[in-house]
Amino acid sequence: MKNNNTLLLALGITGLASLGAQAQNPLIMDQFTADPSAHVFEGKIYVYPSHDIPAPEGVRQDWFCMEDYHVFSSENLIDWTDHGVMFNQTNVTWLNRKGYDMWAPDCVEKDGTYYFYFPAGGRTGVATSPTPHGPWKVLDQPVNGPRGIDPCVFIDDDGSYYMFTGGISVGKLRDNMVEVENKQGQIGQERIANLPTPGLIEGSWTFKRNGKYYLTFPHAVRNEQGQEAERLEYCMADNVWGPYTWMGVILDQSESGCWTVHHSILEYKDQWYLFYHDRDLSPDFDKNRSIRADFLYFNEDGTIKKVIPTLRGVGTPSAKSKLQIDRYSAISENGAKVDYINREDTFKGWKTIMTEEKAWIKFDRVDFGKKDLKSVTVQASSAEGASVEIRLGKEDGTLLTTVEIPKSEEMKAATAALKTIPEGEKDLVVVLTKGKAEIDWVSFE
């Protein structure tokens with residue numbers, strides 16, 4: 001599998017911004033992404049992931065392979081702008097080899113400068129920029145003091161900056177933002193006590209809510225079948241240094257079999273989100289991952305409710321966009337399933353396969369606007385021809401129209417006038433009423 005960014009990098013073209021295709025889960029559909037570090041900067045969400053790539057010949061075969069970083073931004077959690085390659089391993093002057101080990105990064109702002117921290121070559125590097133999206137200047141020396149991979153920088157209420165790293169250890173960043181000190185003011189970090197061992201490999205994510213410190217982290221454990229994989233867990237404390245008390249599980253091990261999970265948590269426009277990754281675009285190789293997002297909620301006592309991963313994800317797309325209904329909220333038990341459009345090129349996405357009458361698929365939270373729509377188009381194929389109903393709410397909800405899908409082995413657009421004009425935010429349901437069909441997307445005009 002290839003992607004445009006790999007080709008651009010091979011040509012030496014970096015720093016280009018592009019608007020990615022609308023997506024639910026996964027968020028990014030034109031390249032592999034993992035370990036999302038999400039922040040709110042300048043009124044937008046910026047996500048700084050690591051970038052899995054297919055391994056070059058003779059390098060890290062059958063293992064994680066990362067050589068650069070991208071940054072993505074969005075205002076609506078649906079449309080993501082790729083601001084291009086920030087820099088790659090050859091731009092890091094203190095690296096003495098091409099290790100392809102640019103793991104999970106993080107970014108923070110201080111006094112108008114953005115500091116991007118990244119692990120490489122067993123150390124923690126830093127690049128700076130006047131904006132959250134670049135251009136980036138990699139400093140000539142790594143950060144002094146941290147140990148472990150996957151830096152996470154937390155800003156406390158008093159304006160102090162703390163760096164957490166894999167293991168899990170914490171230290172306070174000095175004012176120069178390139179040195180980390182322990183509680184005694186000496187260069188170094190403190191190991192967090194009372195955490196589960198073994199199985200703590202990747203880095204943590206720390207945030208504060210209602211006066212409580214939340215330390216969240218991947219933890220590799222064995223499931224009931226004896227298979228080991230990471231799940232997300234968390235602890236709480238009254239002090240950034242601890243002691244922390246283990247509280248529970250945020251996200252169970254992935255049903256896909258993806259061994260790793262790495263994450264971030266933030267609040268944006270009064271809603272909390274969990275960003276994480278899975279293997280959506282690489283079903284046979286879990287070292288090529290894709291970032292996701294789902295809603296996160298708290299109980300009244302401040303504990304975190306377990307997140308159930310979804311394909312639908314977050315964000316409310318416009319009805320005028322190409323609605324990828326295969327990223328469904330619910331689906332009928334019989335006669336409907338989802339598969340890749342092309343398993344040899346998973347970046348093309350998925351399709352909904354409907355084979356029994358009354359089979360249905362539901363896609364929540366569509367913005368239909370102010371009753372200015374006139375028609376709906378379904379991109380679909382059908383060997384013998386088919387009919388689908390477009391409804392609101394549920395499979396027997398308000399009928400908008402019926403679309404006749406012509407006989408064709410190839411995906412083609414079929415359009416029908418709306419009999420009922422929807423408005424506002426509604427749930428969309430597609431119901432098969434005749435024949436068999438494969439559907440790519442649905443869009444309203």
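The values are calculated or read from the model by the stated rules, or taken from the named source; none is laboratory data. Bear in mind that the values here come from a model prediction, so they are computed numbers and not experimental data. Glycine gets a Cβ as well: all are built from the backbone with ideal geometry, and neighbour counts include every protein chain shown.
Would you call residue 221 closer than 30 Å to residue 44 by Cβ, assigned to a strand (DSSP E or B) and in the same structural domain as residue 118 (by TED's automatic domain parsing)? In short, no. Residues that are within 30 Å of residue 54 (Cα to Cα), in contact (Cβ under 8 Å) with a residue 40 or more places away in the chain and part of a strand (DSSP E or B) within the range 297-339 comprise just one, 323. Are any of the residues in the range 55-66 closer than 26 Å to residue 286 by Cβ, aliphatic (A, V, I, L, M) and surrounded by fewer than 19 Cβ atoms within 10 Å (Cβ to Cβ)? Checking the range 55-66: at least one residue is closer than 26 Å to residue 286 by Cβ, aliphatic (A, V, I, L, M) and surrounded by fewer than 19 Cβ atoms within 10 Å (Cβ to Cβ).
Set side by side, the residues 224, 202, 228, 233 differ, and just one is within 21 Å of residue 260 (Cα to Cα) and touching a residue at least 60 places away in the same chain (Cβ under 8 Å), which is 202.
Could you identify the single residue in 421, 361 that is in a strand (DSSP E or B) and either among the hydrophobic types (A, V, I, L, M, F, W, C) or on the phi < 0 side of the Ramachandran plot (or both)?
361
Tallying residues that are on the phi > 0 side of the Ramachandran plot and among the polar types (S, T, N, Q) within the range 364-400 yields 0.
Looking at the range 127-216, the strands (runs of 3 or more DSSP E) lying wholly inside it that each contain 1 or more residues that are in the same structural domain as residue 102 (by TED's automatic domain parsing) and among the small types (Gly, Ala, Ser) sit at 169-173.
Within the range 343-351, is there a residue that is at pLDDT 95 or above, in a strand (DSSP E or B), within 26 Å of residue 292 (Cβ to Cβ) and assigned by TED's automatic domain parsing to the domain that holds residue 438? Checked against the condition, which is being at pLDDT 95 or above, in a strand (DSSP E or B), within 26 Å of residue 292 (Cβ to Cβ) and assigned by TED's automatic domain parsing to the domain that holds residue 438, the range 343-351 yields at least one hit.
Looking only at the range 295-327, filter to residues that are within 17 Å of the chain's Cα centre (by Cα) and among the hydroxyl-bearing types (Ser, Thr, Tyr); which one of those is surrounded by the fewest Cβ atoms within 10 Å (Cβ to Cβ)? Among those residues, the one meeting the criterion is 316.
Look at residue 177 and say whether it is surrounded by 21 or more Cβ atoms within 10 Å (Cβ to Cβ) and under 20 Å from residue 143 (Cβ atoms). Before you say what the answer is, go through the steps one by one.
Details: surrounded by 21 or more Cβ atoms within 10 Å (Cβ to Cβ): no; under 20 Å from residue 143 (Cβ atoms): yes.
The answer is no for residue 177.
Residues satisfying the criterion are absent from the range 395-404 (criterion: under 32 Å from the mean Cα position of the chain (by Cα), assigned to a strand (DSSP E or B) and not small (Gly, Ala, Ser)). Residue 241 - would you say it is touching a residue at least 60 places away in the same chain (Cβ under 8 Å) and assigned by TED's automatic domain parsing to the domain that holds residue 144? So residue 241 fits the description; yes. Annotation for the range 197-219: at least one member residue is crowded, with 20+ Cβ neighbours inside 10 Å and over 15 Å from residue 264 (Cα atoms).
Restricting to the range 348-364, give me the number of residues that are touching a residue at least 60 places away in the same chain (Cβ under 8 Å) and either closer than 18 Å to residue 313 by Cα or of a type in the set (D, E, K, R) (or both).
Taking the range 348-364 first, the residues touching a residue at least 60 places away in the same chain (Cβ under 8 Å) are 349, 351-364.
Filter again for either closer than 18 Å to residue 313 by Cα or of a type in the set (D, E, K, R) (or both), leaving 349, 351-352, 356-358, 361-364.
Total meeting the criteria: 10.
Among the residues of the range 249-293, those identified as crowded, with 24+ Cβ neighbours inside 10 Å, touching a His at 6+ places or on another chain (Cβ under 7 Å) and of a type outside the set (D, E, K, R) are 261, 262, 274, 275, 276, 277, 290, 291.
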